[in-house]
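These notes concern the structure reproduced below.
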Amino acid sequence: MIRSAHVFPIIFIAVYIITYYVAILFLTPGSHSSLLIQSVFAMVGPFLAALTIFHAYTRSERWIKPFWFFLGTGTFIYFIGEVYWFYVESVLQEGITFPGPADYFYFLQVICFITAFVYFLLQKNKIVHNARFLIEMTIVMITAFTFTYHFIIRDIIATRESGDLFLLIYIGYPAADLAILFGVLLVYFRSKDSYFRICLHVLTTGIVLFTLADALLLYLMAAEAYMTGSLIDPLFTLALFLIGYSAYMYRTDRMKESAIHQGVQSQFIIREVILPYGSTVILIIVFIASDGSEVNSLTIGISLVISLIMLRQVLALLGSRKLLHEFNKQNKQLEISTQRYRSIFENHPDPVYSLNLSGEITMINSSFSRLAGEKEESLLLNPIFMFIEAASKDAFYIHFEKAAGGASQNFETTFRNQANQGYITSCTFIPIFVEEKVVGIHGIMKDITNLKESEEKMARMAYHDPLTGLPNRIKFEKAVEEALNQIEKEKAIMAVLYLDLDRFKCINDKLGHEIGDMLLCAAAERMQTSIRPHDMVSRQGGDEFTILVTGLKTKEDAFALVNRMISTLSKKYTIRGHNIFSTPSIGIAFPREDGHETVKMLIKKADFAMYEAKKKGRNQYSVYDEEIGMQDRELEKQG
């Protein structure tokens, strides 16, 4: 089915060529008007083809631009040759000499075409890889040139007196045409791009048509039977139109990947068996037949030996074809597998890298490059350990050694890039096995810095008071439990203090909750300055605080600390221009010596003692004893 984009150019080419033939067939042969119209047709066609090819040159990929440039230049040079022919024949009304100046333009066109095909082959294929195919096609070209010389050129040269230029032109034209045909066949058979092969169908057809037309022209010129308006003239224009149309196809219609392997076997037989070896057989037969000598045992023997040698080569080629096909199939699967692996590696959103067994980076993706803050080339073969924070290096190296031993690893570490930016990362090490041996390690590194910060924030919210930032009741009770377990082992002394700010309710009601909150924060800061580094102050709620004091040598050490705290908290607070005094009442509770103590019981005892201090007049402390305990139990019963 012809696509809509191709309908107009196909119709235009058909109408143009038909009109050209109408002008040749129905205008008066040899008249000035007839020559003028036919020359215009001969000039306009190559000019339009050159414009189309140059347009494809401006729109094509960078690597193929020179290919279209040389084809376009060759077509335009042909147009200049036609302009010269028109000027001499129609303007000056002189006869065209053969060979003459116009032939220089046509030879330049051939050189440009050959340059285009050679450039394409050098870009798309290795020269060594093309050597066998080059030999096979050379056999065909030598055969074709031999036929051309034997049946056409030899008789013409023998019947005419000619100089060196005449001989050069007669030999050069068919040789150049065969070189162009040779080039386009090489490009056609060696191209692997499916959409470009569609264009090459048209391009090859144009080159073949041009070569045939040139051979006919050469024969007519040699026989002095050619004149402008010959039926072969539109063939040149049609050939150049087809070359231009192939460029138009490349520019406007990129074909999707199709079944590029269809007909591979038949192409192989035609290209590598029938063309080269069939040509050789035909050449031998024609040589023997045209030689005129009798067929004797020697010629038969030579023919048989050559035929058997070629048959052996054919059988060898056919036998190795299956192996070559399997190799290409496996190579294609390997290429697809490599592309899939590379795609996963490159497009992974997390930093991915590969290490050798020395810990050197051998491969990274773009995410790793961004995390490290360096370009890929500057990171390769550098040790991964240089990016690991000093505190994490020992653990990182242990995991690396385990992965090198064949065990996958998953751990957390701190990655520090060249800008000294630290990232908390979750790392995975996957050993690379080749023939059951570890040859390297794949690594995946996920940045979990934000996650860790969120976890720390949530943990702080769960275990800290949002107003003062002090540990809350939950964290304090855990700390008391740990301290109780510790003193059972070490027989040390600890104490729990329960503190209440005197007159806080009055201050809060009179000055407002904002001032009350600021007073709580200021009091919390003073408490922290009054304790030792390993002690803990926590807020229970409202204006009540608890303090855990551990590592005491005697109970008097606890009393000294409490006196220091009372002295500090009794000083004046200046908040928003208000001078505020809020003294503390503190209860002290020591664990029972028999060890039968619970966390809640110990805190409750300190609470009882704090209320006892308030009863005694505030701004002092009270130590829990059994008498206080009995009084509280009596009050609970009465209540």
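The values are calculated or read from the model by the stated rules, or taken from the named source; none is laboratory data. Note that this is a predicted model, so its numbers are computed, not measured. Here the Cβ is made from the backbone with ideal geometry for all residues, glycine too, and neighbour counts use every protein chain on show. The area values use the complete protein model at the heavy-atom level, side chains included, leaving out ligands, DNA and RNA. Shrake-Rupley method; radii C 1.70, N 1.55, O 1.52, S 1.80 Å.
Observations on the structure shown:
- Using 0.36 nm per residue and subtracting the Cα-Cα separation, the extra length available between residue 87 and residue 381 on full extension is 98.9 nm.
- Amide H contacts under 5 Å for residue 412, placed H, 5+ residues apart: 427
- Cut-off under 5 Å, modelled amide H: who pairs with residue 464 long-range: 472
- Whole-percent carbon and sulfur share, accessible surface of the stretch 9-62, 1.4 Å: 75 percent
- Kirkwood Rh in Å, taken over the stretch 497-639 so that all alpha-carbon pairs contribute: 15.8 Å
- Averaged per residue, the stretch 482-631 has 51 square angstrom of accessible surface, using a 1.4 angstrom probe with ligands and nucleic acids left out.
- Coupling constants for the stretch 528-539 follow from the phi torsions by the Karplus curve (6.51 cos²θ - 1.76 cosθ + 1.60, θ = phi - 60°), and in residue order they are 5, 6, 8, 9, 8, x, 8, 7, 9, 10, 9, 9 Hz; glycine and proline get x.
- Here the accessible area is traced with a 1.4 Å probe on the protein chains. For the stretch 485-639, carbon and sulfur cover 50 percent of it.
- Proximity of backbone amide H atoms, modeled 1.01 Å from N, is registered between residue 620 and 586 at under 5 Å, excluding neighbours fewer than 5 places apart on the same chain.
- Phi angles across the stretch 550-555 convert, under the Karplus curve 6.51 cos²θ - 1.76 cosθ + 1.60 with θ = phi - 60°, into 3J(HN,Hα) values of 10, x, 7, 7, 9, 5 Hz, Gly and Pro given as x.
- Total formal charge among the other residues, if their Cβ is under 15 angstrom from that of residue 58, Lys/Arg +1 and Asp/Glu -1: +3
- Sequence ranges 49-57, 486-494, ranked by mean other-Cβ count within 10 angstrom, highest first: 49-57, 486-494
- Whole-Hz ³J(HN,Hα) from phi, Karplus 6.51 cos²θ - 1.76 cosθ + 1.60, for the stretch 516-521, glycine and proline x: x, 5, 5, 5, 4, 5
- Of the peptides 198-206, 58-66, the ranking by mean beta-carbon count within 10 Å, highest at the top, reads 198-206, 58-66.
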